[in-house]
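Report on the structure given below.
Coordinate-derived values only; no laboratory data. For clarity, every value in this text was computed on a predicted model and none was experimentally measured. Here Cβ is always computed from backbone atoms with ideal geometry, including for glycine, and neighbour counts include all displayed protein chains.
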Amino acid sequence: MPGLVLLGAGGHAKVVIELFRAAGEFDLIGLLDPRPATPTLLGVPVLGDEDLLPTLRRQGVAHAFVALGANALRQRIGGRLDALGFEQPRAVHPSAFVAPSAQLEPGAIVMARAVLGTESRAGRLAILNTGAVVDHDGRLGEACHVGPGCALAGNVTVGARALLGAGTAVRPGITIEEDAVVGAGAAVVRDVPAGTTVAGVPARRL
């Protein structure tokens, strides 16, 4: 199997490690993190920090994946991986469902029991977290994060780097613009402007 290095060694990286092990398509050779809590994570060694990327690429490591929950940071590091010539896999847990007509861009991840529905698209570095559902014609922007247990009805658009907290419900046709934050358990019934934070049932701007 081809070797794969992960960027990050925190809680999100734990889930990513187990996803790649379950998928069985890559050999996890190590993690890169500037401040790891431990020298290994689920048995995978921390090799150093991001500065090792050029050396690893010269040594023939061709695949890397950003296992960081922070959206803007994930986007920045994903851009550096592109510049260095790394291939960023599309990550799908074996228990997830990705519709045949759906599109998944490099660096995106669909976690356990999540659903990416008919003619939906998950952009680069997007996270569709555990048990989340994106129904038909959904659009997940670059480096956004749809949290565990979210339910997005049809034709919902989520902008770049937006964050939907666990259990968010979104009615059909809603647009959540870039860098918006939706609090956990919110019910989104109106469009959410860029850079705003909303919460509650129905969701209101804070």
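Looking at the stretch 150-206, what % of its DSSP beta bridges pair antiparallel, to the nearest 5?
If I count the DSSP bridges inside the stretch 150-206, around 15 percent turn out antiparallel.
Antiparallel as a % of all DSSP beta bridges within the chain, to the nearest 5?
10
Counting DSSP beta bridges with both partners in the stretch 3-88, what percentage is antiparallel, nearest 5?
15
Would you work out the charge dipole size for the chain about its Cα centre, treating the Cβ of every Lys and Arg as +1 and the Cβ of every Asp and Glu as -1, and quote it to the nearest 20 debye?
320
Which residue, Thr55, Gly8, Ala23, has the largest displacement toward the positive end of the dipole of the stretch 3-88 when charges sit on each Cβ (Lys, Arg +1; Asp, Glu -1)?
Gly8
To test your reading of the geometry: what angle, between 0 and 90 degrees and rounded to tens, separates the Cα axis of helix 71-84 from the longest principal axis of the chain?
Approximately 40 degrees, to the nearest ten.
Suppose every K and R has +1 on its Cβ and every D and E has -1 on its Cβ; what is the size of the dipole of the stretch 3-88 about the Cα centre, in Debye to the nearest 20?
Dipole magnitude for the stretch 3-88 comes out near 140 debye.
To the nearest 10 degrees, how steep is helix 11-23 against the longest Cα principal axis of the chain, on a 0 to 90 scale?
80
Could you give the size of the charge dipole of the stretch 90-197 about its Cα centre, using +1 on the Cβ of each K and R and -1 on the Cβ of each D and E, expressed in debye and rounded to the nearest 20?
220
Averaged over every viewing direction, what's the projected area of the C-alpha convex hull for the stretch 61-206? Give it in nm², one decimal, please.
Average projection, Cα convex hull of the stretch 61-206: 7.7 nm².
How charged is the neighbourhood of Gln75? Take every other residue with its Cβ under 15 Å from the Cβ of Gln75, and add Lys/Arg as +1 and Asp/Glu as -1.
Neighbour charge sum, excluding Gln75 itself: -1.
Of Gly147, Ile77, Leu125, which is farthest on the positive side of the dipole of the chain, counting Cα position, with +1 on Lys and Arg Cβ, -1 on Asp and Glu Cβ, and the Cα centre as origin?
Gly147
Where does the chain land at 222 nm, in deg cm²/dmol rounded to the nearest 500, when only DSSP H runs of n ≥ 4 count, each adding -39500 (n - 2.57), divided by all residues?
The helix-only estimate for the chain comes to -5000 deg cm²/dmol at 222 nm.
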